[in-house]
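> Have a look at the structure that comes next, please.
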Amino acid sequence: MKRIISITLVSGAALVAFAFTVVNHRQKKLTADEVISNYVTAMGGADKLASIKNIYMEGIINANGRKIPTRKWVVSNKCMRTETSISGITNFTIVRRDSGWSYAPTRGRKSAEPLTANMVAASQPGLDLEGTLVNYKAKGYKVNYEGTDEIEGSEAYKLEEIINDSLVETFYFDPDSYYIMRVRLKSSMGGRVITSASDYSVYQKTADGYIFPMQIGNVRYQAIKVNSDINEKLFKPSK
C-alpha cells in the first residue's frame with residue numbers, strides 16, 4: 001500500500017512548492033468531522049450511502065492457503081446472515097437486532113444455537129450499511145481524532161469511535177483518497193477483552209455507482225449486489 005509519486009519536467013521552484021503542499025497537507029490539524037466528511041464524499045456522498053437498503057456479497061476466504069467460499073446478506077439495520085461452505089457443508093451465522101444464531105455442522109453442531117447477548121451486541125455495527133461513522137452523533141456514538149499512524153509503511157489518519165462501554169472501533173484512512181485502510185475492533189465479553197483487525201483494499205465502483213473494498217482481511221469478494229430481492233427466510237435459524 002506504499003505510494004509512488006512520479007514527477008516529470010518539474011522546475012526547482014515547482015518541486016519545492018509541491019513538497020510544501022504535501023507536508024502542509026500531512027501537518028494540518030484535522031477534526032474527526034472533517035475526516036468523516038471527506039470519507040463520505042469519497043464513498044459517493046451521504047445520499048448514496050443512505051440509499052443502500054440491503055446488500056449481497058460473495059467471495060473466497062483464504063484460510064492459510066485453503067479457499068473457503070463465503071456469502072453474506074445484510075438488510076440495513078435489521079439482520080445479517082453469513083455463510084461458509086466447507087467440504088460442501090454449509091455453516092451459517094445469523095444476527096438480528098436483538099438475537100442471533102450459529103449453525104456449525106462442521107464442528108459437530110446438530111442444530112442452530114443462540115448467540116450470547118454480548119456476541120449479538122458486538123455484531124450490531126455490521127448491520128449499519130451506511131457505516132457507523134455516518135451521522136454518528138445521532139446514533140449516540142462518540143468519535144475522537146487520534147492523529148496519524150503508520151499502516152504498511154504509509155501514513156493514515158486515525159479515528160476512534162466509541163459505540164458503547166464494551167465496543168470500540170478504530171478506523172485508519174488513506175490521507176489522499178480517504179478510503180478506509182484498516183478497521184480495528186475492541187470488545188469486552190464476559191470479562192475478556194477481544195481485539196481484531198482487518199485491512200481494506202482493492203476499492204471498486206459497481207455498475208450502479210456504489211464503492212466497496214473488494215478485499216477485507218482474508219476475504220476477497222468477487223460479487224456485490226445492492227438493493228436486490230432477499231428472501232426473509234434466510235434470517236431464520238433453520239437449515
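The values are calculated or read from the model by the stated rules, or taken from the named source; none is laboratory data. All figures in this text were calculated on a predicted structure; none of them were measured in a lab. Backbone-built Cβ (ideal geometry, glycine too); neighbour counts: all protein chains shown.
> List every residue pair whose Cβ atoms lie under 9 Å apart, where the two residues are 6 or more positions apart in sequence or sit on different chains, the first residue falls within the stretch 146-164 and is on the phi < 0 side of the Ramachandran plot and hydrophobic (A, V, I, L, M, F, W, C), and the second residue, located anywhere, is assigned to a strand (DSSP E or B) and surrounded by fewer than 16 Cβ atoms within 10 Å (Cβ to Cβ).
These pairs meet every condition: Ala156/Asp149; Ala156/Glu150; Leu159/Asn144; Leu159/Glu146; Ile162/Lys142; Ile162/Asn144; Ile163/Lys142.
> For Pro237, work out the one condition from (1) assigned to a loop (DSSP other than H, G, I, E, B); (2) exposed (fewer than 14 other Cβ atoms within 10 Å of the Cβ) it doesn't fulfil.
(2)
> List pairs: first in the stretch 174-187 and over 26 Å from Ala122 (Cβ atoms), second outside any strand (DSSP E or B) and among the hydrophobic types (A, V, I, L, M, F, W, C), Cβ under 7 Å, 6+ apart or cross-chain?
From residues that are over 26 Å from Ala122 (Cβ atoms), the pairs are Ser177/Ala42; Tyr178/Ala42.
> Return yes when Ile211 is in contact (Cβ under 8 Å) with a residue 60 or more places away in the chain, surrounded by 14 or more Cβ atoms within 10 Å (Cβ to Cβ), within 14 Å of the chain's Cα centre (by Cα) and on the phi < 0 side of the Ramachandran plot and no when it is not.
Yes: the conditions hold for Ile211.
> While we're on this one: Kindly state which strands (runs of 3 or more DSSP E) lie completely within the stretch 93-197 and contain at least 3 residues that are of a type in the set (A, V, I, L, M).
Ranges flagged: 154-164, 180-189.
> Given the conditions (1) out of contact with any Asp or Glu (no Cβ under 6 Å at 6 or more places or on another chain); (2) within 24 Å of Tyr39 (Cβ to Cβ); (3) surrounded by fewer than 19 Cβ atoms within 10 Å (Cβ to Cβ), which single one is not true for Thr148?
Exception for Thr148: condition (1).
> Cβ contacts < 7 Å: first residue part of a loop (DSSP other than H, G, I, E, B) and of a type in the set (Ser, Thr, Tyr), restricted to the stretch 39-57; second residue crowded, with 17+ Cβ neighbours inside 10 Å and modelled with pLDDT under 95, any location; separation 6+ or different chain. Result?
Filtered contacts from the stretch 39-57: no entries.
> A follow-up question, please. Looking only at the stretch 198-212, which residues are outside any loop (DSSP other than H, G, I, E, B) and out of contact with any Asp or Glu (no Cβ under 9 Å at 6 or more places or on another chain)?
Of everything in the stretch 198-212, those that are outside any loop (DSSP other than H, G, I, E, B) and out of contact with any Asp or Glu (no Cβ under 9 Å at 6 or more places or on another chain) turn out to be Ser198, Tyr200, Ser201, Val202, Tyr203, Gln204, Lys205, Ile211, Phe212.
> Still on this model: What single numbered condition from (1) touching a residue at least 60 places away in the same chain (Cβ under 8 Å); (2) out of contact with any Lys or Arg (no Cβ under 9 Å at 6 or more places or on another chain); (3) over 15 Å from Met80 (Cα atoms) fails to hold for Ser238?
(3)
> OK, next. Residue check: is Asn218 touching a residue at least 40 places away in the same chain (Cβ under 8 Å), more than 17 Å from the chain's Cα centre (by Cα) and either under 22 Å from Ile60 (Cα atoms) or surrounded by 13 or more Cβ atoms within 10 Å (Cβ to Cβ) (or both)?
For Asn218, the condition - touching a residue at least 40 places away in the same chain (Cβ under 8 Å), more than 17 Å from the chain's Cα centre (by Cα) and either under 22 Å from Ile60 (Cα atoms) or surrounded by 13 or more Cβ atoms within 10 Å (Cβ to Cβ) (or both) - is not met.
> Could I ask something else about it? What are the residue pairs meeting all of these: first residue in the stretch 127-144, first residue among the aromatic types (Phe, Trp, Tyr), second residue surrounded by 17 or more Cβ atoms within 10 Å (Cβ to Cβ), Cβ atoms under 6 Å, and 6 or more apart or on different chains?
Tyr136/Val143; Tyr141/Glu161; Tyr141/Ile163
> A further question on this structure: Do you know which residues across the stretch 155-180 are out of contact with any Lys or Arg (no Cβ under 7 Å at 6 or more places or on another chain), surrounded by fewer than 18 Cβ atoms within 10 Å (Cβ to Cβ) and farther than 11 Å from Asn38 by Cα?
Across the stretch 155-180, the qualifying residues are Glu160, Asn164, Asp165, Ser166.
> Among what's in the stretch 79-130 and is of a type in the set (Gly, Ala, Ser) and crowded, with 18+ Cβ neighbours inside 10 Å, pick the residue that is farthest from Glu161 (Cα to Cα).
Ala112
> I'm trying to understand the selection: among the residues of the stretch 96-126, which are of a type in the set (Lys, Arg) and touching a Ser or Thr at 6+ places or on another chain (Cβ under 9 Å)?
Arg109
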